[in-house]
Amino acid sequence: MIEHLNTVCYRFKSVENSWTLPVYLEHGGYAVWKEIVKTAPDPKDLIEVIKRSGLRGRGGAGFPTGLKWSFMDRNAPGPKYLICNSDEGEPGTFKDRQILTTNPHQLIEGMLIASYVMGLDVGYNFLRGEFALPFQRCESALAEARAAGLVGASILGSKLNIEIHNILGAGSYIVGEETAMIEALEGKRAYPRYKPPFPAVHGLYGQPTTVNNTETLASVPMILAQGADWFSGLGTEKSGGTKMFSVSGHVNNPGVFEIPLGTSFESLLALAGGLQEGRSCLVVIPGGTSMRVVPGAEMLTSEMSYEGMEAVGSAIGSGGLIVMDDRTDIAQALAVMMEFYQHESCGQCTPCREGSGWVSALTARLAQGLGKPGDIDRLYAIAKQIEGRTICAFGEAISWPVTSFIQHFRPQLEVGIASNESSENCT
Amino acid sequence: MSAAVNIKIDNQSIQCQSGQSIIEVADQAGIYIPRFCYHPKLSIAANCRMCLVEVQQAPKPLPACATPVSEGMVVYTRSRKALQAQQDIMSFLLINHPLDCPICDQGGECDLQDLAMAYGRSRGEFEEHKRAVEDEHLGPLVSTEMTRCIHCTRCVRFGEEIAGMPELGVMSRGGRAYIGTYLGKGLHSELSGNVIDVCPVGALTAKPSRFKGRSWTFKQHAQLARHDCVGSHVYCHVQSHYTDAAHTVMRVLPRAQEDLNEVWLSDRDRFSYEALQHQRLTQPQIKEGGQWKVVPWNVALDVITDRLSGIIQTAGADQIAGCIAPSATVEEGFLFQDWLRSLGVRNIDCRMREADVSHDLNVGLGPRLACTLPEIETHDRILLLEAFPRRHQPMLNHRIRKAAQSGAAVLSWGSRLQDANYTIAFNETLPISTWAEHMATLVKALLQLKDDQVYQTLSAALEPLEVTPTIQTLATTLLDHQTPPMILIGETMLQHPDATQIIAWAECLAGLLSTQLSWVTSGANTAGLWLSGCVPHRAPGAVPLPKEDIGLGTLESFKAQLKAYIIHDVMPDLDVMGSRQALEALNQSAFNVYVSPFESSAARDWADVILPCAAGYETSGTLVNATGTWQTVASALAAPGEAKPAWKIYAALAAWHHTETQLKFDEVTAVAQAVEHAVQSAKAQNKHDQAVLVPEAIQVTPPTLWGVAYWHDLREDTLVRAAPALQLQAGEDVAYARCNTLTATTFALNETTYVQVKQGEGQARFKLKIDESIANHTVQIPMTEPVSASLGLCTGPIEVEACA
Ligand SMILES: Cc1cc2nc3c(=O)[nH]c(=O)nc-3n(C[C@H](O)[C@H](O)[C@H](O)COP(=O)(O)O)c2cc1C
Ligand code: SF4
Ligand code: FES
């Protein structure tokens, strides 16, 4: 049994009506926010707390949240914005929807606190287009919070004004990229922007903007309520706190589990009901398909933490963990992923637009057993040509699965070459 | 604030400004970095990734177009890492691009082709099916071959940022992304042809010249655009490589001139060259017994000399008038008037559409802008009075648009709403008949807001006028300025029968706002022709003539029904205000000469001698634009057949008449010098002093139904009318008379029947479009429709009724 299972964002997993204001208040909700409104603490102190807690971005890149917040210039003229990234498009990831449906008030409280800390005027919670129920829950929670004077103009009678809006997207993967989301909010195509300038300087409508993942923001009230040490103590020295993993694939009990960072993969796998009878773990994608894959054997000796995943050449990413057992057709798995990426590339920049289609065509050929000699080397080379040359990290999202699959599973892929001629090793 | 920054590119130390991008700095230093999406006049998209360079300490190669320089930056544009990245991008660009340059219109001048030679690998690795993209019909000017598109989005950004008309966009996503209009109705921006230039590949090419020649067989000549008062710089590409005989202009491209057209060109200036091959007159001809007969030049000149001498002897030189198109060159104009004045003719004019010219005594060096084009951008208030520059002076409009985008309030008042590609802060109409009253009321509103000693004396004259809230708003906005407002008087205002009064009040307005009036003039060279002596009250140098030497203006001379008319490059049935009066005069006169590059069926009726002359690019000459800039160019090619440059024709006619064996000017360059000299010496003697117009008290009368004459920008002069693709682009829309619902209801007009317009003795039937942008009590009349030739002064009172 794992201690501190589902204690931060997913603490209401089995609490009835947890998305309503009375229930949230019953569990101590908005206490932190009310305290902040009343005592107006120095924002710098709050950033310190977040820094000490070890909270890192849960959207994929794992950027330290306190540090990100400290980049914002409170005194910059004009309105400043917060964007909560609830697009949750990364394949294998379905944890933010649990927060949005079971715990919307904690997210709102997190957004309010973040806005206070950075001196922001408006927060947009951008939900993916398919999130009908989560959107409904967020809307009603926002209405309740507004009615209770917690959100809006002169919050709780103070001079604080913070507006929050829920926005439903139009459906695309790329809009999850933070600058694409900013463009979309401005009413344009979801095209990622070239950085610099970074959103903290030139974001929504050209104003300073911070984008954070849903889980990141929803963690904040608990950190302030229980203290930085409590939170960081839940995890390892380098990975503070807990992380939600959405486990899917060849497991008996797929689902979302919020576990302390540092928990062994084995325990997480056990939580998810383990593998099917008689199967072994061939490969695991630990943090959404954009992360490098890890051979099952290596995973089984690893712990679920930023450093643990780094040690096996991958990353926690979004926490979308996919388990594949020994029945998996590696070429097919890769082809399915690449089909997704070529479909979702925004088409703006050359390497991604052209490369994603090419990679997808080659992997599809391999999966059908119609590969040609040299295809695997070519695939590897193309992936490398994309990586690091694109506007946004989508380029890496195509490249990393390809190169890591080839690194670890070259023989399995070579099966797909029609003449079965092995090509020279380039890895 | 930009600070000096020191960087190194390819080991070369360069000082530059912070805020510049690596590519800008490299360009200035002459270091070429390959690029597709970067365009110095468009926003940065950084999407092609061709400009990736190595920057020391950066983990990844960075796009030079989007990376700002910083102190101590060390850049390598051709290091192994940079080249590797550039070559990789090139291979991605080529996988889906058809590699069939020999059958592509862009071949030979394609950025992709050039850069593929430098960065492409010699063997392809891509064995899949290439992407194919359906072409979209974009209209008669721009051809598409969208399979060739490399998604740089320059055309999209051009539409959004320069044309102010986002007609092209990216549809779909990823490898399926393509450029299109979505609506499928073609391009309509007056600047649409520029997408051909910004497109680095053969996806968007010029339809009229497509597949007609290869760029390396063209000879490039610097020339000037001939349609508006900007004088945009162009390159004229003439096919000349293989045959000497077939010298034809293959296409026209913008020639960069930062102070005028920047790097852009209007469609009218770009595609009107097609006219050079259509409807051309190629031989001198005379009418004998009602039959046209081709004759040698000397015979034609003899006939003209004899007939004019006869008329002068029997009736006097005042029975002769000369009308010259406002796009004629300084040389043509000077020699035209020099010849006629040497015969004693005083009735000489280049103003074809002015109904009331008495205000013209007033304008010193002639009508022009009060500032340069770049200076337009510095204004914070721009008032457009009956001025519609968007389609008529697109590059002037471009500057106003830039001003609007940097915060200027553009205020428009006229007989129709401004259809602008930028925000108009004040966009109001007024019945065209009420201009004088409205202008005076605006002066009154200003006087109420601003204490002014000089103009206070006008108060009595303004007594009966009532300042409406709309006019109050306009006055308030105008006064709330940082820099003196720009006031632009449109050429339509000059067509007004009350022009003198309107302008007198406009002068007061300018005085109250401490600014000067700016004029947009018709044609390419109204300013130059004023200086060449082609107005009845000015000698060359714009020297005012004594009263007794002042002749008649165009309209007056037609009304006077003289005995002979010399018409240069004007079609009186289509080009002049009062075409009815013109045709009546020409039909009753004894002798008419038509000098023009273009055939005219009407001229075949009224003319006695037709002389073919060189058109536009076929002649060397000087144009003076509305900012007073003199620009001289050499001819790009010879005129077809027997046609001769008009300046030579008039020089010869002068010599012929005075039986001189030598031409007074046989070098074209000497002519412009003579005119410029005349201007300088007149200036030195202060001969250009302006007389002040005195505004008169205004009688308030309720508005009555007036027509407003309308020359469509793509039908406006002889050159553009003969250009087939532009005529297709102009479409059906140009044929309609237009009025708003109120007018239509009042006179029981509708779109299903025709409208019969009666003007004076004349009447004409038009199709009607209900158009809410037209002012009350106003009907816009398309002067470029042949039926309108029977109408007189269309800006003025008319009667209308529905007819079948
Ligand atoms: C292609 C792409 C898709 C992304 N999709 C998401 C997403 O669905 N949800 C998310 O939170 N972050 C997503 N991100 C990451 C965001 O750009 C951003 O880094 C994140 O929202 C920052 O929040 P955090 O610091 O709290 O993690 C995506 C990034 C890329 C490159
Ligand atoms: S990397 Fe792909 S998704 Fe990102 S901007 Fe480029 S084309 Fe769009
Ligand atoms: S020119 Fe820099 S990315 Fe296209």
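The values are calculated or read from the model by the stated rules, or taken from the named source; none is laboratory data. Keep in mind that this is a model prediction, so the values were computed, not measured. Because the Cβ atoms are built from the backbone with ideal geometry, glycine has one as well, and the counts that use them run over all protein chains shown. For the accessible areas, the whole protein counts, side chains as well, though only heavy atoms, and no ligand, DNA or RNA atoms are used. Shrake-Rupley method; radii C 1.70, N 1.55, O 1.52, S 1.80 Å.
Convert each backbone phi in the stretch B:392-402 into a coupling constant with the Karplus relation 6.51 cos²θ - 1.76 cosθ + 1.60 (shift: θ = phi - 60°), then list the ³J(HN,Hα) values in order as whole Hz, x for Gly and Pro.
8, 9, x, 6, 5, 4, 4, 6, 5, 4, 5
For the stretch B:453-532 and the stretch B:212-291, write down the distance between their C-alpha centroids in whole Å.
Value for the Cα centre distance between the two parts: 37 Å.
Could you give the angle, 0 to 90 degrees to the nearest 10, between helix B:469-479's Cα long axis and the longest principal axis of the Cα atoms of chain B?
Around 70 degrees separate the two axes.
Keeping all protein chains in the complex and leaving out DNA, RNA and ligands, what accessible area do you get for B:GLU785 with a 1.4 Å probe, in Å² to the nearest 10?
For B:GLU785, the solvent-accessible surface is approximately 40 Å².
Give the percent of DSSP beta bridges with both residues in the protein assembly as shown that are antiparallel, rounded to the nearest 5.
Taking every DSSP beta bridge within the protein assembly as shown, about 55 percent pair in antiparallel fashion.
Of all DSSP beta bridges located in the stretch A:235-325, what percent are antiparallel, nearest 5? Each step should come with its number before you reach the end.
Details: 13 of 17 bridges.
About 75 percent, rounded to the nearest 5.
Please list, by residue number, every one of the chymotrypsin sites (Phe, Trp or Tyr not before Pro) in the stretch B:177-277 that is coil in DSSP and has at most 11 other beta-carbon atoms within 10 Å.
Here the chymotrypsin sites (Phe, Trp or Tyr not before Pro) that fit, given the DSSP loop and packing criteria, are B:TYR182, B:PHE211, B:TYR242.
Convert each backbone phi in the stretch B:439-453 into a coupling constant with the Karplus relation 6.51 cos²θ - 1.76 cosθ + 1.60 (shift: θ = phi - 60°), then list the ³J(HN,Hα) values in order as whole Hz, x for Gly and Pro.
4, 5, 5, 5, 4, 4, 4, 5, 4, 6, 8, 9, 6, 9, 5
Please report the Cα spread of the stretch A:112-231 along all three principal axes, rounded to whole Å, starting with the longest.
Principal extents (largest minus smallest coordinate, Cα): 38, 32, 31 Å.
Sort the stretch B:111-250 into rounded, prolate or oblate with this rule: let a ≥ b ≥ c be the square roots of the eigenvalues of the Cα gyration tensor; rounded if a/c is under 1.5, and if a/c is not under 1.5, prolate when a/b is larger than b/c, oblate otherwise.
oblate
For the stretch A:259-323 and the stretch B:100-174, write down the distance between their C-alpha centroids in whole Å.
45 Å
What percent of all Cα-Cα pairs in the stretch B:373-519 falls into each 5 Å bin, going from 0 up to the bin containing the maximum distance?
Over the stretch B:373-519, the share of Cα pairs per 5 Å bin runs 2, 10, 21, 25, 21, 14, 5, 2, 0 percent.
Rounded, prolate or oblate: which one fits the stretch B:4-93, using the alpha carbon gyration tensor with axes a ≥ b ≥ c (rounded when a/c is under 1.5, else prolate when a/b beats b/c, else oblate)?
Because a/c hits 1.5 or more and a/b fails to exceed b/c, the stretch B:4-93 counts as oblate.
Restricting to the stretch B:706-803, compute how many DSSP beta bridges are antiparallel as a %, nearest 5.
The antiparallel proportion sits near 60 percent.
Once the dipole of the stretch B:373-519 is set up with Lys and Arg at +1 and Asp and Glu at -1 on Cβ about the Cα centre, which of B:MET439, B:ASN397, B:LEU411 lies farthest towards its positive end?
In the stretch B:373-519, that residue is B:ASN397.
With every atom except the alpha carbons ignored, what do you get for Rg and Dmax of chain B, in angstroms?
Values for chain B (Cα only, Rg and Dmax): 28.6, 92 Å.
For A:THR242, which sequence-distant residues (separation of 5 or more, or a different chain) have an amide H within less than 5 Å of its own amide H, given hydrogens modelled in the peptide plane?
Counting only residues 5 or more places away or on other chains, the set is A:LEU261.
Beta carbons within 10 angstrom, averaged per residue: use that to sort the peptides B:502-509, B:290-297, highest first.
B:502-509, B:290-297
Please list, in chain and number order, the residues 5+ apart from B:ALA409 or on another chain whose amide H is under 5 Å from its amide H, with Hs placed from the backbone.
Counting only residues 5 or more places away or on other chains, the set is B:ARG381, B:ILE382.
How many percent of all Cα-Cα pairs in the stretch B:573-676 sit more than 23 Å apart?
Working: 2299 of 5356 pairs.
When every Cα pair of the stretch B:573-676 is considered, 43 percent fall beyond 23 Å.
Over all alpha-carbon pairs of the stretch A:330-423, lay out the pair-distance distribution in 10 Å bins, whole %, shortest bin first.
Distribution as computed: 19, 54, 23, 3 percent.
Kindly rank B:96-107, B:712-723, B:138-149, A:368-379 from highest to lowest mean number of other beta carbons found within 10 Å of each residue.
The most tightly packed comes first, giving B:712-723, B:138-149, A:368-379, B:96-107.
Sequence-distant or interchain residues sharing an amide H contact under 5 Å with B:VAL5, placed H: which?
The list, which skips near neighbours in sequence, is B:CYS16, B:GLN17, B:SER18.
At 4 °C and 1.567 mPa s, what whole-number value in µm²/s does Stokes-Einstein give for the translational diffusion of the stretch A:2-233, with Rh from the Kirkwood sum over Cα pairs?
74 µm²/s
Output the 0 to 90 degree angle, nearest 10, between the alpha-carbon long axis of helix B:579-588 and the longest principal axis computed from the alpha carbons of chain B.
50 degrees
Along the charge dipole of chain B, pointing to its positive end and built from +1/-1 on Cβ of Lys, Arg, Asp and Glu, which listed residue (B:ALA315, B:PHE92, B:GLY213) has its Cα farthest out?
Of B:ALA315, B:PHE92, B:GLY213, it is B:PHE92.
What is the Cα convex hull volume of the stretch A:235-325 when expressed per residue in Å³? Walk me through the intermediate numbers first.
Details: hull volume 6.4 nm³, N = 91.
Dividing the Cα hull volume of the stretch A:235-325 by its residue count gives 70 Å³.
Taking +1 at the Cβ of each Lys and Arg and -1 at the Cβ of each Asp and Glu, which of B:LEU191, A:HIS165, A:LEU261 sits farthest along the dipole of the protein assembly as shown towards its positive end, judged by Cα position relative to the Cα centre?
A:LEU261
Tally Lys/Arg at +1 and Asp/Glu at -1 over every other residue whose Cβ is under 12 Å from the Cβ of B:LEU411; what's the total?
Working: positive: B:ARG381; negative: B:ASP380, B:GLU428, B:ASP480.
With Lys, Arg at +1 and Asp, Glu at -1, the neighbours total -2.
Calculate the translational D of the protein assembly as shown in whole µm² s⁻¹ from Stokes-Einstein, where the hydrodynamic radius comes from the Kirkwood formula applied to all Cα pairs, the temperature is 37 °C and the viscosity 0.692 mPa s.
Rounded to a whole number, D works out at 94 µm²/s.
By what distance, in whole Å, do the Cα atoms of the stretch B:642-694 stretch along each of the three principal axes, largest value first?
49, 24, 22
Can you tally the net charge around B:GLY108? Count Lys and Arg as +1, Asp and Glu as -1, for every other residue whose Cβ sits under 10 Å from the Cβ of B:GLY108.
-2
Rg and Dmax of the stretch B:706-803, Cα atoms, in Å?
Computed over the Cα atoms of the stretch B:706-803, radius of gyration and Dmax are 13.1, 39 Å.
Kindly give the semi-axes, whole Å and largest first, of the ellipsoid equivalent to the stretch A:372-412, taking each as the square root of 5 times a Cα gyration tensor eigenvalue. Intermediate results must be reported in sequence, preceding the final value.
Numbers: eigenvalues 81, 25, 6 Å².
Semi-axes from the Cα gyration tensor: 20, 11, 5 Å.
Determine the shape class of the stretch B:252-357: with a ≥ b ≥ c the square roots of the Cα gyration tensor eigenvalues, call it rounded for a/c under 1.5, and otherwise prolate if a/b is greater than b/c, oblate otherwise. Present the calculation step by step, with values, prior to reporting the outcome.
On the way: a/c = 2.80, a/b = 1.61, b/c = 1.73.
Oblate, since a/c reaches 1.5 and b/c is not below a/b.
Take peptide A:378-385, look around each residue's Cβ out to 10 angstrom, count Cβ atoms belonging to other protein chains, and average those counts.
Neighbouring Cβ atoms belonging to other protein chains average 3 per residue here.
A:GLY249: net charge of surrounding residues, Cβ under 13 Å, Lys/Arg +1, Asp/Glu -1, itself excluded?
0
Whole-Hz Karplus ³J(HN,Hα) for the stretch A:123-140, in order, using 6.51 cos²θ - 1.76 cosθ + 1.60 and θ = phi - 60°, x for Gly and Pro?
My calculation for the stretch A:123-140 gives x, 10, 9, 9, 9, 5, x, 7, 7, 5, 5, x, 5, 4, 4, 5, 5, 6 Hz in order.
Sorted by accessible area (1.4 Å probe), largest first, how do B:LYS287, B:LYS644 line up?
Largest accessible area first, the residues go B:LYS644, B:LYS287.
Enter the mean number of other protein chain beta carbons within 10 Å of the beta carbon of each residue in B:170-180, as an integer.
On the way: counts 5, 2, 1, 13, 15, 13, 6, 6, 1, 0, 0.
Per residue, the average neighbour count from other chains is 6.
For chain A, go through all pairs of different Cα atoms, get the mean of 1/r, take its inverse, and jot down that Kirkwood value in Å.
In chain A this quantity evaluates to 22.2 Å.
Might you work out the accessible area of A:ASP42 for me, using a 1.4 Å probe with all protein chains in place, and round it to the nearest 10 Å²?
Surface open to solvent at A:ASP42 totals about 70 Å².
Sorted by accessible area (1.4 Å probe), largest first, how do A:LEU204, A:LEU185 line up?
Sorted descending by solvent-accessible area, the residues read A:LEU185, A:LEU204.
Using a 10 Å cut-off on Cβ to Cβ distances, tally the other chain neighbours for every residue of B:88-95 and report the average as a whole number.
Mean number of neighbouring Cβ atoms from other chains: 6.
Accessible area of A:MET337, 1.4 Å probe, to the nearest 10 Å²?
It works out to around 20 Å².
Do the sum for chain B: with -39,500 (n - 2.57) for every DSSP H run of n ≥ 4, divided by all residues, what is the mean residue ellipticity at 222 nm, to the nearest 500 deg cm²/dmol?
Numbers: 27 runs with 232 residues, N = 804.
Counting only the DSSP helices, I get -8000 deg cm²/dmol.
Using a 1.4 Å probe and counting only protein heavy atoms, arrange B:THR661, B:THR476, A:THR214, A:THR7 so the residue with the most accessible area comes first.
The most accessible residue leads, giving B:THR661, B:THR476, A:THR7, A:THR214.
Before rounding to the nearest 500, sum -39500 (n - 2.57) across all DSSP H runs of length at least 4 in chain A and divide by the residue total; then give [θ] at 222 nm in deg cm²/dmol.
Calculated mean residue ellipticity at 222 nm is -13000 deg cm²/dmol.
Dipole magnitude of the protein assembly as shown about its Cα centre, charges +1 at Lys/Arg Cβ and -1 at Asp/Glu Cβ only, in debye to the nearest 20?
Numbers: 98 positive and 132 negative charges, 252 e Å.
Charge dipole, the protein assembly as shown, about its Cα centre: 1220 debye, nearest 20.
Taking only Cα atoms, what is the 0 to 90° angle, nearest 10, from helix B:80-95's long axis to the longest principal axis of chain B?
60 degrees
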